[in-house]
1. Go through (1) at negative phi; (2) surrounded by fewer than 18 Cβ atoms within 10 Å (Cβ to Cβ) for residue 136 and report which single condition fails.
2. In the range 98-118, is there at least one residue being surrounded by fewer than 19 Cβ atoms within 10 Å (Cβ to Cβ), under 17 Å from residue 2 (Cβ atoms) and basic (Lys, Arg)?
3. Where residues in the range 80-103 are in contact with a Phe, Trp or Tyr (Cβ under 7 Å, 6 or more places away or on another chain) and of a type in the set (Ser, Thr, Tyr), which of them is farthest from residue 19 (Cα to Cα)?
4. Suppose the filter is over 22 Å from residue 127 (Cα atoms) and not acidic (Asp, Glu); does residue 31 pass it?
5. Quick one: what pairs do we get from the range 68-84, first residue under 10 Å from residue 136 (Cβ atoms), second of a type in the set (A, V, I, L, M, F, W, C) and exposed (fewer than 12 other Cβ atoms within 10 Å of the Cβ), C-beta under 9 Å, 6+ apart or different chains?
6. Of all the residues that make up the range 64-84, how many are more than 21 Å from residue 133 (Cβ to Cβ) and hydrophobic (A, V, I, L, M, F, W, C)?
7. Take residue 46 and decide whether it is touching a residue at least 12 places away in the same chain (Cβ under 8 Å), of a type outside the set (D, E, K, R), crowded, with 16+ Cβ neighbours inside 10 Å and in contact with a helix residue (DSSP H, G or I) (Cβ under 8 Å, 6 or more places away or on another chain).
8. Counting just the residues of the range 109-139 that are free of Cβ contacts under 8 Å to residues at least 40 places away in the same chain and assigned to a loop (DSSP other than H, G, I, E, B), which one comes out nearest to residue 14 (Cα to Cα)?
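Derivation of every value follows stated rules applied to the coordinates shown; laboratory data play no part. Everything numeric in this text was worked out from a predicted model, so none of it was measured. Glycine gets a Cβ as well: all are built from the backbone with ideal geometry, and neighbour counts include every protein chain shown.
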Amino acid sequence: METGMLHLHSLLRWVILLLLLVGLVQAFGKKESIRSTSLWLMIAAHTMLLIGLYQWIAGKYGLINPLPEGVTSSMGNLTYRFYRLEHPLLMLVAIILITLARGKAKKLNYKNTGWLLLIALIFILVAVPWPFREAGAGRAWFPGM
């Protein structure tokens, strides 16, 4: 089950990035279709949050799993620090920003929606475990590769 959840979590990353880019274009282009895009973006982000919470608690680097031999603390190990602290915290901030942007999009406040989505995109790009990240913290571009 853990592998399936991890693959779903990795695939949803691309859905969220695509919806964020579409939402940015719509927000700065002042298109009313930002309402539906922001709704789907928020649904995808909250689904991702639920899957991520499961992994944060019970996944490979989860809180209920003990640290391996030789690792004295999560903060001293780059991989454990990334998956137990940095990734969840930055993604939670990004999801809060996406939720706030949805509220602004419902009122057709294009400028604020665009800026909130742009800041959320920056947080997400920093927090995603890209393949070129430090050893152990990176993941493949697509699940199973």
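1. Condition not satisfied by residue 136: (1).
2. No, the conditions are met nowhere in the range 98-118.
3. So, considering only residues that are in contact with a Phe, Trp or Tyr (Cβ under 7 Å, 6 or more places away or on another chain) and of a type in the set (Ser, Thr, Tyr), the one farthest from residue 19 (Cα to Cα) is 80.
4. yes
5. 78/135; 79/135
6. 1
7. So residue 46 does not fit the description; no.
8. Taking the candidates together, the pick is 130.
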